[in-house]
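K.L.:
If you scroll down you'll find the structure; I have some questions about it.
The values are calculated or read from the model by the stated rules, or taken from the named source; none is laboratory data. Quantities reported herein were computed from a predicted structural model and do not represent experimental measurements. Glycine also receives a Cβ, built like all others from the backbone with ideal geometry; neighbour counts cover every protein chain displayed. Keep in mind that these areas ignore ligands, DNA and RNA; they rest on the heavy atoms of the full protein, side chains included. Shrake-Rupley method; radii C 1.70, N 1.55, O 1.52, S 1.80 Å.
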Amino acid sequence: MATITEMKPKKIRIGDLLIANKVISQEQLNTALADQKKSGRKLGRVLVENGFLSEDQLLTFLSQQLNIPYIDLRRYHYKPEIVRLIPETHARRFRAIALEDSRESLLVGMADPTDIFAYDELSRVLRRNLRFAVVKESELLKTIDRVYRRTEEISDLAQELQQELAAQGGVDLTALAEAEGLTDAPVVKLLQSMFEDAIQINASDIHIEPDEKELRIRFRLDGVLRVQTIADRRIASALVSRVKLMANLDISEKRLPQDGRSNVRIRDKSVDVRISTMPVQYGESVVLRLLNPFSGVLSLEQVGMPKNLLERFRRLIHNPNGMVLVTGPTGSGKTTTLYAALKELNKPEHKILTVEDPVEYRLAGINQVQVNTRIELTFARVLRSMLRQDPDIILVGEMRDQETAEIGLRAAMTGHLVLSTLHTNDAVSTALRLTDMGVEPFMVAASLRGIISQRLVRRICESCAEPYDLPAAQLAIVRAEAGDKADQLKFKRGRGCSHCNGTGYQGRIGVFEYLEMDNSLVEALHSKDTGRFEAAARQQPGFQTLRRSAIILAAQGLTTMDQVVRATYSLEE
């Protein structure tokens, strides 16, 4: 590692230096300079985006030329209080992060340590001697999002709202309604701050829950709820009323559940929000589901299937007809997998129709229908009409009943590709579940092409992962799957650090069980022999149960055995 020395950045001609050191060619530099002129982006970023060198190569080169360290933020255990020495606006503007504070100077990581203007501004604001290191821009922005939370701001705004309500003597619904276009009302600022913080940390839901003496606001992050702030319960009514106004719900109706949808602007982008209200003992509980446009619909590669399974699944969904099912409990990523499949299949030559409850993401080029039971617009009714719309591909949000399943299977038999979900524990039990619903086995055998069952497990934080020995109970589970090889496997867990907020986990990863219908499975279905079907499924070449797939991820150091047990507990016999 280069010696850290107090310095002011020096201007270097990075393109010429890269050529002199034979990292890139003159032709590549000319191409990058032309692209830079059009886009206005920094030359280094253009070189990386064009694939002329990797980001690691570029940063290592800068580190050597400037004689400063290249710090991998994924492995660096920063202190949030030091990071916050640089105001958030300056950190984002100059792509800078404070890493180490000594008496003499402050170590600052920068995506572009040659930016002399950034040095001058940071020196003026901080009034400190600065030392520099080079860091990856992507990791720097993730760290900034993680550290510069709005927890204190949300608490302060909640307190400001309480003071305003106390002064007014209660909630003025007329004022709330008229505040539609205002941004300075405390309740509006509080909601906006909550949305911004939730999007910043990639939370999937915001829970607003009134209790006897307090209002609890929680965010769901990586599938786990975390308390964001505790506020005075008396602000709950104003907050809930404002949320209802956003979704055009009835603010006077507090005895019945209501569902709606709204749209908020975050960082100049539009975020869809699904809103659900429920009357509870001390008011109304509200859940806001954030459909984050920044992450968008994933591709099949991003879903996380193992390569061999991905190839088989991709081959399956490119069949012109038949039914493909994705199964698992609520929150297991079924919709994500199906939308990834639709994204790949969405071509001008394909007419794609979906029937969903609710429509999660709006996809250009696809005709999406929202179920509405209040006007008897059910899955079955929409499906019958869809078949008269000349579709090539149909997505059914869920096979909820016998009628929906039979219509879907008939569509699959008559030349359509049908994608859908079913709530079952594993792939093996799925075909049998359809027959239990009352569908004739011959229909299932003729139409069903393949089944994916999946779960989501939390991913170990890379920054604090460490080896550990399994307790006896978990080791027994591994031995049941891996036999004598169990003792040779190594496992990890996260110790807890600033990167993962002390949890030991960061992000999630999918676990999959795949079953493709073949002659032996079709014959077993026709015979209505449950035992024969299960035996044939487990003997299928390459078949792996969910538990075995999860244990493989744990042995690779991607998740923990705690997560394996939690995700597959319902499969225990």
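K.L.:
All but one of (1) under 24 Å from THR327 (Cβ atoms); (2) of a type in the set (A, V, I, L, M); (3) open to solvent by 40 Å² or more (accessible area, probe 1.4 Å) hold for LEU377, so report the exception by its number.
P.N.:
Among (1) under 24 Å from THR327 (Cβ atoms); (2) of a type in the set (A, V, I, L, M); (3) open to solvent by 40 Å² or more (accessible area, probe 1.4 Å), LEU377 violates only (1).
K.L.:
Residue pairs, Cβ under 8 Å, 6 or more apart or interchain, first in the stretch 303-330 and part of a loop (DSSP other than H, G, I, E, B), second open to solvent by 60 Å² or more (accessible area, probe 1.4 Å) and aliphatic (A, V, I, L, M). List them.
P.N.:
ASN321/MET413
K.L.:
Taking ALA524 as the residue in question, decide whether it is open to solvent by less than 40 Å² (accessible area, probe 1.4 Å) and at negative phi.
P.N.:
Yes: the conditions hold for ALA524.
K.L.:
While we're here: Which condition number in (1) within 28 Å of ALA465 (Cα to Cα); (2) outside any loop (DSSP other than H, G, I, E, B); (3) open to solvent by less than 20 Å² (accessible area, probe 1.4 Å); (4) touching a strand residue (DSSP E or B) at 6+ places or on another chain (Cβ under 8 Å) is the one that LEU122 fails?
P.N.:
Against the list (1) within 28 Å of ALA465 (Cα to Cα); (2) outside any loop (DSSP other than H, G, I, E, B); (3) open to solvent by less than 20 Å² (accessible area, probe 1.4 Å); (4) touching a strand residue (DSSP E or B) at 6+ places or on another chain (Cβ under 8 Å), LEU122 comes up short only on (1).
K.L.:
Let me ask another. Name the single residue, out of those in the stretch 61-72 being modelled with pLDDT of 90 or more and in contact with a strand residue (DSSP E or B) (Cβ under 7 Å, 6 or more places away or on another chain), that is most open to solvent (accessible area, probe 1.4 Å). Give the derivation first.
P.N.:
We begin by selecting, within the stretch 61-72, every residue modelled with pLDDT of 90 or more; these are 68-72.
Then drop every residue that is not in contact with a strand residue (DSSP E or B) (Cβ under 7 Å, 6 or more places away or on another chain), which leaves 68-71.
Values: ILE68: 2, PRO69: 1, TYR70: 63, ILE71: 14 Å².
Among them, the one singled out is TYR70.
K.L.:
Just to verify a result, which residue in the stretch 84-106, among those that are without any contact (Cβ under 8 Å) to a residue 60 or more places away in the chain and in a loop (DSSP other than H, G, I, E, B), is most open to solvent (accessible area, probe 1.4 Å)?
P.N.:
Step by step, filter the stretch 84-106, then rank; the result is ARG103.
K.L.:
Looking at LEU515, LEU456 in this structure, which one is part of a strand (DSSP E or B), open to solvent by 30 Å² or more (accessible area, probe 1.4 Å) and either in contact with a Gly (Cβ under 6 Å, 6 or more places away or on another chain) or modelled with pLDDT under 95 (or both)?
P.N.:
One residue alone meets the criteria, LEU456.
K.L.:
For the stretch 243-263, what are the residues that are within 20 Å of LEU215 (Cβ to Cβ) and not charged (D, E, K, R)?
P.N.:
Those that are within 20 Å of LEU215 (Cβ to Cβ) and not charged (D, E, K, R): VAL243, LEU245, MET246, ALA247, LEU249, ILE251, PRO257, GLN258.
K.L.:
Which condition breaks for GLY496 when tested against (1) modelled with pLDDT of 90 or more; (2) open to solvent by 30 Å² or more (accessible area, probe 1.4 Å); (3) of a type in the set (Gly, Ala, Ser)?
P.N.:
(2)
K.L.:
State which residue pairs qualify: first residue farther than 14 Å from LEU191 by Cα and inside the stretch 271-283, second residue among the aliphatic types (A, V, I, L, M) and assigned to a strand (DSSP E or B) in any location, beta carbons under 6 Å apart, and separation of 6 or more residues or different chains.
P.N.:
ASP272/LEU291; SER276/VAL287; THR277/VAL286
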